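What follows draws every value from the coordinates through simple rules; no lab data is involved. Keep in mind that what you see is a predicted model, and the values were worked out from it rather than measured. Positions of Cβ are backbone-derived with ideal geometry, glycine not excepted, and every protein chain shown enters the neighbour counts.
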Ligand code: GLA
């Protein structure tokens, strides 16, 4: 794995440009970070000795060898800001300050992470009555704190929370996080990992600022919490790309979940390329949980050089099947998760054509680490309640895709902050093929849906069939590689279930980009589209 500094340049906006050749890989981006964070177990009750012990345990438990490298100090280290605006650490909890502590972490060959708030007060000051968290946030002290955290104390990562900035100061997220990123870049002459902690997908702007962004409220060590966060991330695969990831929050492995629940938790965090920050006490972690956290095959899915998040290819019988390319784009190897979130047994059937695999397909179970033989045409698994089966498939052939679901699209205007009434989003629809449609696309030329991975082996003429929910006064503009598709006649009366509209389009060999939207009117709710080659 390439180390951070070798890939990163000095500014964050450079990160997305770094699709250079590294260690001989055709394209490589920083994988999600792996490490430990203090919050889940200790909340604000942290101290220097405790952090050192956890850092030591990271090594002695074999976690560093497994790839975990960050020791992140969350809320609770703040002391006060003095009259000159200088921030001080908590006099009892961190009497030696954080410079020597980050030095200790670095001396173990690990990286050090810190925490702050975009406003004046920390979340701990509000929710944990930690009075030392008052007036210690970044607001008004962006450069001073950046200088302290990264130049003086030498931290490598920062998580920036939003309690003080949001509920207290009502700041606008994009503007606020951009100001902070700019201040860090101007003050610090080396790369700093930034995590946006705004408890909901903040908008596609986040990738220009942060390496990861939280997509949900805080996790807790309960099945419902784990299940809820997975649900929130199921349709966000289009936003996790090239070193920028959806953060499903710190891990609750080793904190009382049942074995199969832990497998779901770790397995899904891995295949969905979330940062992996362990949240338990590493000195007392149960053996089975430790072994799960060290599962090489699952970690490889998480740290895969393509940096992709698995997307939902099928949602039936209350279960989900997710898939992603691994190792090399469009190769014959793919990773698949069969996930049963329900409290009853569920049978999940996968037609291998639907994940573009043909011929004989070799199956490896990644949780158990064993080959399970070969499959042809299809796979069916019966899953116990609250369980997952994660497999790697190696097929004889990779087939050309036929169908693209609406819920796989990248929506440049998507956000989960709840600030707009008619916000473009992935909505439930009983009639839609994957039970999801895109709602509220259109109304402006910026609010469109994009599939940037429409693949044709040879290129040529195709029949494009779009399925949608018809409604009055909707318009649809479709664009293939920058060329407008003409002659699309939509049905205009609602209440008829799914309708389709067809056109002929030209695809080039390789990747194509299809965009759908409507620059003045709303577009209809979109369900999916198919592409059938036309023989001439
Ligand atoms: C918020 C964050 C948590 C944690 C606490 C600290 O709730 O979402 O992850 O950092 O603040 O107070």
query = What per residue convex hull volume, in Å³, do the alpha-carbon atoms of region 83-233 yield?
reply = 140 Å³
ask   = What is the helix-to-structure angle for 48-60, meaning the angle in degrees between its Cα long axis and the longest Cα principal axis of the chain, kept from 0 to 90 and rounded to the nearest 10?
value = 50 degrees
query = So what's Rg/Rh here for region 448-514, counting alpha carbon atoms and using the Kirkwood radius for Rh?
reply = 1.01
ask   = If we count other beta carbons within 10 Å of each Cβ, what is the order of 168, 231, fewest first?
value = 231, 168
message = Give me the tail of P(r) for the chain as a percent: Cα-Cα pairs with distance above 32 Å.
response = 45 percent
query = How would you order 443-450, 274-281, 401-408 from highest to lowest mean count of nearby Cβ atoms within 10 Å?
reply = 274-281, 401-408, 443-450
ask   = With the Cα gyration tensor of region 146-242 giving a ≥ b ≥ c as the square roots of its eigenvalues, does the rule (a/c under 1.5 for rounded; else a/b larger than b/c for prolate; else oblate) give rounded, prolate or oblate?
value = prolate
key: For region 293-352, fraction of C-alpha pairs farther apart than 19 Å, in %   = 38 percent
message = Report the Cα centroid-to-centroid distance between region 316-334 and region 117-175 in angstrom, as an integer.
response = 39 Å
request  = First check a/c for region 400-536, with a ≥ b ≥ c the square roots of the eigenvalues of its C-alpha gyration tensor; if it is under 1.5, answer rounded, and if not, answer prolate when a/b is larger than b/c or oblate otherwise.
outcome  = prolate
key: Residues 490, 531 arranged by fewest to most Cβ contacts within 10 Å   = 490, 531
Ellipsoid equivalent to region 232-303 - semi-axes via the Cα gyration tensor, in Å = 22, 12, 11
ask   = Can you pull the three principal axis extents for the Cα set of region 314-429, in Å, largest first?
value = 51, 35, 23
Ranking of 396, 260 by count of other Cβ atoms within 10 Å, fewest first = 396, 260
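What is the chain's relative contact order, in percent, from Cα pairs under 8 angstrom and six or more apart in sequence?
Details: 1278 pairs, mean separation 57.1, N = 536.
In percent, rounded to a whole number, it is 11.
Assuming a viscosity of 0.890 mPa s and a temperature of 25 °C, what translational diffusion coefficient in µm² per second does Stokes-Einstein assign to region 395-435, Rh being the Kirkwood radius over Cα pairs?
188 µm²/s
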query = What nm distance separates the two modelled labels at residue 500 and residue 472, each placed 7 Å from Cα along Cα→Cβ?
reply = 2.8 nm
message = Give the separation of the Cα centroids, region 422-437 to region 212-243, in Å.
response = 18 Å
ask   = How big is D, in µm² s⁻¹, for region 179-305 by Stokes-Einstein at 10 °C and 1.306 mPa s if Rh is the Kirkwood radius over C-alpha pairs?
value = 103 µm²/s
